[in-house]
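Trainee: Input: one structure, supplied below.
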Amino acid sequence: MKRNVLLTLTVLLLTAALLFPATQVFAEPQSGGTLRFGILRDPEGFDPHINYGTTSTAVQGNIYDTLIEYDENGEFRGALATDWEMEGDQTYIFHLREGVEFHDGTPFTSEDVIATLDRIKDPETNAARHGRIAGLFNYEAIDDYTVRIVLREPDATFLHDLASFTLYIVSARDIENGMNFNRETNGTGAFMLESWEPEGEYVFVRNPNYWQEGLPYLDRLIQIPFQDDQTRVNALISGEVDLIEYVPWQDFDYLDAEFSLFTHESLYNGIRLNHNREPFDQKEVRQAMNYIVDQQMALDLAFGGHGDIKSGPLQPAGSLFYQDELEGALLPDHEKAMELLAEAGYNSPAEVPPIEFTVAAIAVHSDTAEVVQEQLQAFGLRVNWRTVEVSTMIENRTSGAYVMQQDGLSMANPDPDYLRFLFHSRDGSNHSVGVNFENERLDELFEEGLKTIDYDERKAIYLEVEKLLIEESPWIFLFWRPQAEAAHPKVQGYTTVPGGLGMYNLSRFNQIWIDDSVQ
Amino acid sequence: MSQYLLKRLGLTIILLWLVATILFYFVHLLPGDPAMVVLGGGEQHQPTAEQLARVREQLGLEDPLMVQYSRYLGGLIRGDLGNSFVNQRPVTLDLRIRLTRSLQLIIPAMVLASLLGIFLGILAAGRRGKFSDFFFSGIALTGFSVPVFVSGNILVLIFAINLRVLPSAGYANLFEDPSRWLSYAILPIVSLSLAPLANVMRMTRTSMLEQFNQDYVRTVRAKGVSERVITYRHVLRNALLPVITLIGMQTGILFAGSVIVENVFNWPGLSTLLIRSIGSRDYPVIQGTVLLTSFLFILVNLVTDLSYAFINPKVRYK
């Protein structure tokens, strides 16, 4: 009998050991260790107010902090400001966190916030947010830990500016001492830059006085640029690095099975139609284009089906202003396309004049464009391909020197106001200005949407915006293309921010820890 | 000799001036606005027209092209290549760092290719028509025709991913940590040496065979000198002349041609700098890198020509 009990116990224990082998899910974060991170390219510089591209956010965002930041749901939470409130529609009061120190030991106060805003306002800085900060009505320190910012007009997107990766808070004393922010760093963030070599290793060490108790977990963070996609993936597989960004989609499935893959949709692929040029001077032809192209097929062939097409047309699923109602509004419908062409006076697609298709020589654009060209030709349209340099493609946006152009874009923040910079007749520096696109109702809606603070009201406004955009069809709306980071399974605590905010994934390494039990 | 040297140096300066001038105008012909890059413009960010104008002004791009050209040439004469548009570092500083790194691959690769290439060439020539000749020639032909992005990736697959004995890619400082440097450098050096090795080997073999058919070899042989002495003292010496020209040329080519190897193995040398600077329209860096590469190419050729004199006493420059 006694023996039986022992046997049962042993079996039970063994079963338990098999079922719960030091499960990662329940593991407590461990402090210590080094994370080696393979990045896309050299960060170039460290100035926290200049936009060097997303790769640099991994450098800037771990050294510096913003007043407020995005949480895992893409909503605002306090960072250097603990909380904030509004007085009326245009005045914001920020209460700053006490006891925070810069890496050099200087205490953080409201003086630093004011000096930072002054620095961005100074045109000599070439700050990315210069226009936004210069456009503020007023900002001032009320006391050491309170700041008041007054806007000229109500602006629903203002908090996004404060959370953005080019509005990091720097020390007033450093500005006064004329520090070269491009080459030296001194922030309040979780990591301090210890040493670096151009295109070599960028070595960060833990900030022992970081304001978040017990964080960061990592002792060291080393960032190494790998320009070549395959080389970067090889480095992860061979154990040279523990985490990589910009994973080519061809490697998604393999890395998802063998490693940890973090996918998100932050970049949009679409095709500009110039409504001043034949045949797109007729609205019906532009509309027809959207019904000819099969977005799902384009995504399948160009990105192996990874990514998101549900969006209708310009908000990624999971973002605050995603419009369920428009899901599937742009499914292919060749009969309807034929009818629309007939309305425009073309009895068959062959009657439509040949279309020149401008495409930049980068795979994320040209792969998509090839599928679209095939689809248009299969429908009977004549499409002539024109390859250009990336910079020419970018210049075309403002010069309008194209008939139809493959393009891609990202949102700076999850607010649909970014559409204003495309399709507002005067503010649309990224589209309207180039081709003189104008729709009075759209202009009105954009201006109203910017001033409206109430979420439901705003959502209704942008629903009308998107409907109008489908109606006008200034673009062929395609899909949110996939992007991903991949990590060794021992890397824990990596979080992605939804709603097109993937670029912020990389600026929050304070939560990451290494699980030594995983090999 | 000194007159010849002076003439060659003069020619070098004229060549460099030509390269610098053509380069300057070509770089300015490139589509794309450097100010856009400085302001982080691209797929994700669109700077305002005023910001662009201000940065163009700061970079001196609003001046007439002739003014920019004379400023650039004036800088060149003083040895100043300007500052990078993107990170504001002096171009000479980056070039010095990058050249040191590139040389850490190019010099060992060329030494390896030359020594091994000559050795295998002699071996193959001595056993013409036998199995080892076919074997080594076959290997040479493969090394010659397989592109580096294939051979490099195969090496990574075998040694880094399957066997895990070497890191897949990266760079370590030779002067701070030589053993780590070696672990990173060994695969790129081998990949880089493959093509020149094959070339040197083929050239040595052909050249040796040609010399073996010369009259003087028959004479020496008739005197009863051993085959070994014939090969190494007589034939090899004469056969090496074209091989040295080839080694010189191959070294020059490597300065510009290490681009794929540097890319595959993520070695941050001159070529990666060039590619990046073209991508970001960083005019001073593009100009500096191409100018330095051209200068090295010309220099290597000069040294090669001069080295003839030491190997073959018949050649004396006038």
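Trainee: Taking beta carbons within 10 Å but only from partner chains, what does the mean come to for residues A:198-211? Intermediate values should be presented prior to the final figure.
Mentor: Details: counts 10, 12, 7, 4, 0, 0, 0, 0, 0, 0, 0, 0, 0, 0.
Per residue, the average neighbour count from other chains is 2.
Trainee: Cβ under 13 Å from B:VAL264's Cβ, B:VAL264 left aside: what net charge do those residues give with Lys, Arg +1 and Asp, Glu -1? Walk me through the numbers before you get to the answer.
Mentor: Details: positive: A:ARG232; negative: A:ASP228, A:ASP229, B:GLU262.
Combined, the nearby Lys, Arg, Asp and Glu give -2.
Trainee: Summarise the accessible area of chain A (1.4 Å probe, protein heavy atoms) by the percent that is carbon and sulfur. Walk me through the numbers on the way to the answer.
Mentor: Details: 9840 of 20260 Å².
So the carbon and sulfur contribution to the accessible surface is 49 percent.
Trainee: What do you get for chymotrypsin sites (Phe, Trp or Tyr not before Pro) in region B:151-199 restricted to DSSP loop and a cutoff of at most 11 other Cβ within 10 Å of the site's Cβ?
Mentor: On the way: sites: B:PHE159, B:TYR171, B:PHE175, B:TRP181, B:TYR184; in loops: B:TYR171, B:PHE175.
Those satisfying the criteria are B:PHE175.
Trainee: Another question, if that's okay. Roughly how tilted is helix B:178-212, in degrees to the nearest 10 and between 0 and 90, from the longest Cα axis of chain B?
Mentor: Helix B:178-212 sits at roughly 50 degrees to that axis.
Trainee: How tilted is helix B:49-58 with respect to the longest principal axis of chain B? Cα atoms for both, answer in degrees (0 to 90, nearest 10).
Mentor: On a 0 to 90 degree scale, this one is about 60.
Trainee: Next question. Shape call for chain A from the C-alpha gyration tensor, a ≥ b ≥ c root eigenvalues: rounded (a/c under 1.5), prolate (a/b greater than b/c) or oblate? Before the final figure, lay out the partial values.
Mentor: Numbers: a/c = 1.91, a/b = 1.28, b/c = 1.49.
Oblate, since a/c reaches 1.5 and b/c is not below a/b.
Trainee: Round to a whole angstrom and tell me the spacing of the C-alpha centers of region B:56-135 and region A:432-484.
Mentor: Between the Cα centre of region B:56-135 and that of region A:432-484, the gap is 50 Å.
Trainee: Say the dipole of chain B comes from +1 at the beta carbon of Lys and Arg and -1 at that of Asp and Glu; which of B:PHE310, B:PHE265, B:LEU99 then lies farthest toward its positive end?
Mentor: Going by the Cα projections, it comes out as B:PHE310.
Trainee: Ok, one more. Work out the mean other chain Cβ neighbour count within 10 Å for the residues of A:238-251 and drop it here as an integer.
Mentor: The per-residue average across the peptide is 2.
Trainee: Please work out the C-alpha center-to-center distance from region A:221-300 to region B:168-207 and express it in whole Å.
Mentor: Centre-to-centre distance over Cα atoms comes out at 35 Å.
Trainee: Where is the GNM fluctuation largest for chain B (alpha-carbon springs, 10 angstrom cutoff): B:PRO47, B:PRO196, B:PRO90?
Mentor: B:PRO47
Trainee: Rounded to the nearest 500 deg cm²/dmol, what is the calculated helix-only ellipticity per residue at 222 nm for the protein assembly as shown, with -39500 (n - 2.57) per DSSP H run of length n ≥ 4? Mind showing how you got there, number by number?
Mentor: Details: 30 runs with 391 residues, N = 837.
Dividing the helical sum by the residues of the protein assembly as shown leaves -15000 deg cm²/dmol.
Trainee: Over all residues in B:170-181, what is the mean tally of Cβ atoms on other chains that come within 10 Å of each residue's Cβ?
Mentor: Working: counts 10, 5, 2, 3, 0, 0, 0, 0, 0, 0, 0, 0.
Per residue, the average neighbour count from other chains is 2.
Trainee: How would region A:266-482 be classified by its alpha-carbon gyration tensor: rounded, prolate or oblate, with rounded meaning a/c under 1.5 and the a/b versus b/c comparison settling the rest? Before the final figure, lay out the partial values.
Mentor: On the way: a/c = 1.42, a/b = 1.37, b/c = 1.04.
Rounded is the answer for region A:266-482, as its axis ratio a/c remains below 1.5.
Trainee: Taking trypsin sites (Lys or Arg not before Pro) that fall in a DSSP loop and have at most 13 other Cβ atoms within 10 Å as cut points, what is the longest piece of chain A between them? Each step should come with its number before you reach the end.
Mentor: Working: sites that count: A:ARG152, A:ARG183, A:ARG382, A:ARG426.
For trypsin sites (Lys or Arg not before Pro) (loop position, at most 13 other Cβ atoms within 10 Å), the longest site-free span of chain A is A:184-381.
Trainee: Also: For region A:65-172, what is the accessible area per residue in Å², given a 1.4 Å probe and the full set of protein chains? Write down the numbers at each step before the final one.
Mentor: Working: 4080 Å² over 108 residues.
I get 38 Å² per residue for this part.
Trainee: Let me ask another. Largest first, how would B:VAL165, A:VAL352, B:VAL225 line up by accessible area (1.4 Å probe)?
Mentor: B:VAL165, B:VAL225, A:VAL352
Trainee: Hey, if we sort B:SER70, B:SER307 by accessible area with the 1.4 Å probe, largest down, what's the order?
Mentor: Values: B:SER70 70, B:SER307 30 Å².
Reading off the accessible areas and sorting them downward yields B:SER70, B:SER307.
Trainee: Which GluC sites (Glu not before Pro) in region B:141-238 sit in a loop by DSSP (not H, G, I, E or B) and have at most 12 other Cβ atoms within 10 Å of their own Cβ? Walk me through the intermediate numbers first.
Mentor: Working: sites: B:GLU176, B:GLU210, B:GLU227; in loops: B:GLU176.
Answer in residue order: B:GLU176.
Trainee: Nothing charged except the Cβ atoms of Lys and Arg (+1) and of Asp and Glu (-1): what's the magnitude of the dipole of chain A about its Cα centre? Round to the nearest 20 debye. Let's see the in-between values first.
Mentor: Working: 36 positive and 86 negative charges, 208 e Å.
Here chain A has a charge dipole of around 1000 debye.
Trainee: Taking only Cα atoms, what is the 0 to 90° angle, nearest 10, from helix B:270-279's long axis to the longest principal axis of chain B?
Mentor: Approximately 40 degrees, to the nearest 10.
Trainee: Please say if region A:282-385 is rounded, prolate or oblate, where rounded means a/c under 1.5 for a ≥ b ≥ c the square roots of the C-alpha gyration tensor eigenvalues, and otherwise the choice is prolate for a/b larger than b/c and oblate otherwise?
Mentor: On the way: a/c = 2.28, a/b = 1.30, b/c = 1.75.
Note, shape of region A:282-385 comes out oblate.
The values are calculated or read from the model by the stated rules, or taken from the named source; none is laboratory data. It should be emphasised that the depicted structure is a prediction, and the values quoted were computed from it without experimental measurement. Counting neighbours? That spans all protein chains shown, and the Cβs are built from the backbone with ideal geometry, glycine included. For accessibility, only protein heavy atoms count, side chains too; no ligands or nucleic acids. Shrake-Rupley method; radii C 1.70, N 1.55, O 1.52, S 1.80 Å.
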